[in-house]
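Structure record follows, encoded as structure tokens.
The values are calculated or read from the model by the stated rules, or taken from the named source; none is laboratory data. Since this is a predicted model, take the numbers as computed values, not measurements. With ideal geometry, Cβ positions are generated from the backbone for all residues, glycine too; neighbour counts draw on all protein chains shown.
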Amino acid sequence: MQRAAALVRRGCCPRTPGPWGRSQSSAAAEASAVLKVRPERSRRERILTLESMNPQVKAVEYAVRGPIVLKAVEIELELQRGIKKPFTEVIRANIGDAQAMGQQPITFLRQVMALCTYPNLLDSPSFPEDAKKRARRILQACGGNSLGSYSASQGVNCIREDVAAYITRRDGGVPADPDNIYLTTGASDGISTILKILVSGGGKSRTGVMIPIPQYPLYSAVISELDAIQVNYYLDEENCWALNVNELRRAVQEAKDHCDPKVLCIINPGNPTGQVQSRKCIEDVIHFAWEEKLFLLADEVYQDNVYSPDCKFHSFKKVLYEMGPEYSSNVELASFHSTSKGYMGECGYRGGYMEVINLHPEIKGQLVKLLSVRLCPPVSGQAAMDIVVNPPVPGEESFEQFRREKESVLGNLAKKAKLTEDLFNQVPGIHCNPLQGAMYAFPRIFIPSKAVEAAQAHKMAPDMFYCMKLLEETGICVVPGSGFGQREGTYHFSKQRPGAQELIQKSAEMMHPKHGSSLLSGTHCTACADPAGMAARVAERAGAAQPGFTHQE
């Protein structure tokens, strides 16, 4: 290009000789020739391609926002354009976003957030004094009295103090130190951060991370991103998804042949399985972690979502403390909580915290350093987390309204859990375990053998085949069990439970053969009548060329 430009600039008229005795016309001709060939010469391979990108990122899968969801978006757009479907709306049941499914926000939290966001409202008589008091305390702890300023990397100090006080109350007086509290961008950020510090080594000494199967896909995604070794332990579906310590022993012994098992992840209450662990089970897990020298990660974001009268939430921190100093002084534990679940359902604020105990002082410094790289979690999310752990108390102006709203949300979630369980168990070909807690159902589906063969012939997981067909026939968007992990030969799907009871009823009815669904019928399934054609169409629509989620390699 530089040469061509120089050729054009030579001389002042077409007949003026150039510096080498040529006319400008000949120089221009040469310039034109250079420009004509340049496009071909300028073509080169892009620096960033699927082959050259970070292979760990390429290996990441996240089923709850995978091809099924992309197809749901496509169908919604088609409905908006007036394209006829067997249904009038897409029912999004793929992700635990309570407010997106109709749950109303808690008034007190939104009042405090409004006051913090626009402090001029502190002079308004429309807001209760206890909300103003909370907002002033949070703002006074922020730089410039503004949520728009950075906080300390570990989080706003007074909010960390409130989190520690909450944990102490929750655990019946077991002390919590604010210095062990780290505010995070949702619980997910805390989980990925602590795993970054834990993963090390190479070859057979590479860190192994034990995760439950079924699992929340965040775990497998972070493990892939960090190039760690995923060590699966299976929950007992026949026993209401209970955790069996003998299964932990099997998993860790087998893993020692090819990695260094160092981390044990627990999700309680379970996601996507909805079970609540007993105290005895937690004691057994802690003893196992102590015995095998494992770092415990306790994902407890659903701690307020316990519905069965026979179940109670026990925090790992409390049980660890009550097992005595041999355990409480030695077992390293990181526990996680969030604004997104419980009765608040404030997913969009991305508030969360982790409490990390028995961490080596030098490692604590490394953790703060890692958090400092990203400066701080969103201060608005930190403020929302403060209201989760420091809500109105008896005697305060807002308490009665807060109590009514909290009880209403949790009561409705409990009713929906029971309704979902009962309705699924009325559908031929579906079995749902008791839903003790959390916000999801993970029913087992018994797919006709011909449909299984058709899906496998096109390298599509059978439950993905089922979920895609469910979406196209009924408009219900759920996530295939293969995205969470499941025992070989079993098939499931994950469905979130929030939303109007009418939607839950409608979803179950649309899956039932008596209402026209052929999804689990061996005689009326179009996939069985034309397995190759149906599987090919579904594979094409699901994006058969995309890696992960849908396909078995």
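Counted as qualifying within segment 244-343 are the helices (runs of 4 or more DSSP H) with 2 or more residues that are closer than 30 Å to S380 by Cα, namely 316-322. The condition (being assigned to a helix (DSSP H, G or I) and at positive phi) is satisfied by just one residue among G201, G144: G144. Would you mind stating whether G173 is farther than 30 Å from K469 by Cα and either touching a residue at least 40 places away in the same chain (Cβ under 8 Å) or under 28 Å from the mean Cα position of the chain (by Cα) (or both)? No; evaluated as a whole, the condition is false for this residue.
Comparison of A438, A384, A417, A457 shows that the only residue that is more than 24 Å from the chain's Cα centre (by Cα) and under 27 Å from V69 (Cβ atoms) is A457.
Just to be sure before I move on: is Y216 assigned to a loop (DSSP other than H, G, I, E, B) and either of a type outside the set (A, V, I, L, M, F, W, C) or under 29 Å from N54 (Cβ atoms) (or both) in the structure I sent? Spelling it out, Y216 is indeed assigned to a loop (DSSP other than H, G, I, E, B) and either of a type outside the set (A, V, I, L, M, F, W, C) or under 29 Å from N54 (Cβ atoms) (or both).
Restricting attention to segment 322-351, the residues that are of a type in the set (G, A, S) and on the phi > 0 side of the Ramachandran plot total 3. Given the criteria modelled with pLDDT of 90 or more, outside the structural domain of V373 (by TED's automatic domain parsing), assigned to a helix (DSSP H, G or I) and not acidic (D, E), does R169 qualify? Spelling it out, it is not the case that R169 is modelled with pLDDT of 90 or more, outside the structural domain of V373 (by TED's automatic domain parsing), assigned to a helix (DSSP H, G or I) and not acidic (D, E). Cβ separations smaller than 6 Å between residues 6+ apart or across chains give the following pairs from segment 364-385 residues that are among the hydroxyl-bearing types (S, T, Y) to residues that are surrounded by fewer than 20 Cβ atoms within 10 Å (Cβ to Cβ): S372/S153.
Exactly one residue among D310, D284, D299 is under 16 Å from N268 (Cβ atoms) and surrounded by fewer than 17 Cβ atoms within 10 Å (Cβ to Cβ), and that residue is D310.
For segment 98-149, the tally of residues that are buried (at least 20 other Cβ atoms within 10 Å of the Cβ) and among the aromatic types (F, W, Y) stands at 1. Checked against (1) touching a strand residue (DSSP E or B) at 6+ places or on another chain (Cβ under 6 Å); (2) closer than 30 Å to K418 by Cα; (3) not in a strand (DSSP E or B), I194 passes all but a single condition, namely (2). Screening G155 on (1) buried (at least 17 other Cβ atoms within 10 Å of the Cβ); (2) at positive phi; (3) part of a helix (DSSP H, G or I) shows it passes everything except condition (3).
Residues that are within 22 Å of C432 (Cβ to Cβ) and more than 23 Å from the chain's Cα centre (by Cα) do not occur anywhere in segment 215-230.
To keep it simple, each residue is scored yes or no on (1) at pLDDT 95 or above; (2) under 28 Å from G324 (Cβ atoms); (3) among the hydrophobic types (A, V, I, L, M, F, W, C); (4) not assigned by TED's automatic domain parsing to the domain that holds Y302.
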residue	(1), (2), (3), (4)
R206	no, no, no, no
A221	no, no, yes, no
D227	no, no, no, no
E247	yes, yes, no, no
H258	no, no, no, no
C265	yes, yes, yes, no
T273	no, no, no, no
D284	yes, yes, no, no
H287	yes, yes, no, no
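Annotation: of all residues in segment 223-243 being in a helix (DSSP H, G or I) and without any contact (Cβ under 8 Å) to a residue 40 or more places away in the chain, the one that is surrounded by the fewest Cβ atoms within 10 Å (Cβ to Cβ) is E238. Residues that are among the aliphatic types (A, V, I, L, M) and within 18 Å of the chain's Cα centre (by Cα) within segment 176-200 comprise L183, A187, I191, I194, L195, listed in sequence order.
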